[in-house]
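K.L.:
Provided herewith is a single structure, encoded as structure tokens, for subsequent inquiry.
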Amino acid sequence: MALEHQMIEPFEPTQISSSGSERIISYGTSSYGYDIRCSREFKIFTNINSAVVDPKQFDESSFVEYCGDVCIIPPNSFALARTVEYFRIPRSVLTICLGKSTYARCGIIVNVTPFEPEWEGYVTLEFSNTTPLPAKIYANEGVAQVVFFEASEPCAVSYKDRSGKYQGQTGVTLPKT
């Protein structure tokens, strides 16, 4: 289905994992889902302006933009990133995305909302560092698993039909109202 509908680009048909001395966090097709990767684009939260986090009036100056192979998230803070993969979700499919256990066991929570039927774009990822220590996120490696649910018939109203505000996002996307 992924290839037929061009649901994931680039698509890795196998699970890529550590081999030899190269240690990586796995990505690609898994048993019943797909392990997505984080790109090199990050927005790291900082409170240098003593801002209030308000989803209706989000202050973009609360983030520092960073591009690199490793992102260091300050203690008790968070960062946003985007996936390497671009998604096109069919009208009869809904996804749920959960963080990988490798990060969860380090106190790093990966939060992603469901990909609704007919949503498309790069996924904005949120990494929460729940620890009192700095935490590393590795670009171009697995960060979360997407699980796909196919309905017996297409939905009546899709994300595209509703002109969803995050449709077609191309980069790390901040809150919109």
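The values are calculated or read from the model by the stated rules, or taken from the named source; none is laboratory data. On a predicted model such as this, the values are computed, not experimentally measured, just so you know. Positions of Cβ are generated from backbone atoms using ideal geometry, with glycine treated the same way; all protein chains shown enter the neighbour counts.
K.L.:
Listed residues Val64, Val70, Val84; which is of a type outside the set (Phe, Trp, Tyr), within 28 Å of Asp161 (Cα to Cα) and touching a residue at least 12 places away in the same chain (Cβ under 8 Å)? Don't jump to the end; show me each part of the working.
P.N.:
Values: Val64 fails: within 28 Å of Asp161 (Cα to Cα); Val70 fails: within 28 Å of Asp161 (Cα to Cα).
Just a single option satisfies the conditions, and that option is Val84.
K.L.:
Here's another thing I want to ask about it. Give me the strands (runs of 3 or more DSSP E) completely within region 101-177, filtered to those with at least 3 residues that are among the β-branched types (Val, Ile, Thr), ordered by residue number.
P.N.:
In region 101-177, the matching strands (runs of 3 or more DSSP E) lie at 108-111, 142-150.
K.L.:
Go through region 22-42 residue by residue and tally those that are surrounded by fewer than 19 Cβ atoms within 10 Å (Cβ to Cβ), among the aromatic types (Phe, Trp, Tyr) and under 20 Å from Cys67 (Cα atoms).
P.N.:
0
K.L.:
Also, quick follow-up: Can you tell me which residues in region 118-134 are more than 19 Å from Phe11 (Cα to Cα), more than 12 Å from the chain's Cα centre (by Cα) and buried (at least 21 other Cβ atoms within 10 Å of the Cβ)?
P.N.:
Once the filter is applied, which keeps residues that are more than 19 Å from Phe11 (Cα to Cα), more than 12 Å from the chain's Cα centre (by Cα) and buried (at least 21 other Cβ atoms within 10 Å of the Cβ), region 118-134 yields only Asn129.
K.L.:
Could we say that Phe63 is surrounded by 12 or more Cβ atoms within 10 Å (Cβ to Cβ) and either at pLDDT below 95 or closer than 18 Å to Leu174 by Cα (or both) here?
P.N.:
Answer is yes for this residue.
K.L.:
Return the residues of region 34-59 that are within 24 Å of Gly121 (Cα to Cα), over 19 Å from the mean Cα position of the chain (by Cα) and not aromatic (Phe, Trp, Tyr); say none if nothing qualifies.
P.N.:
Lys56, Gln57, Asp59
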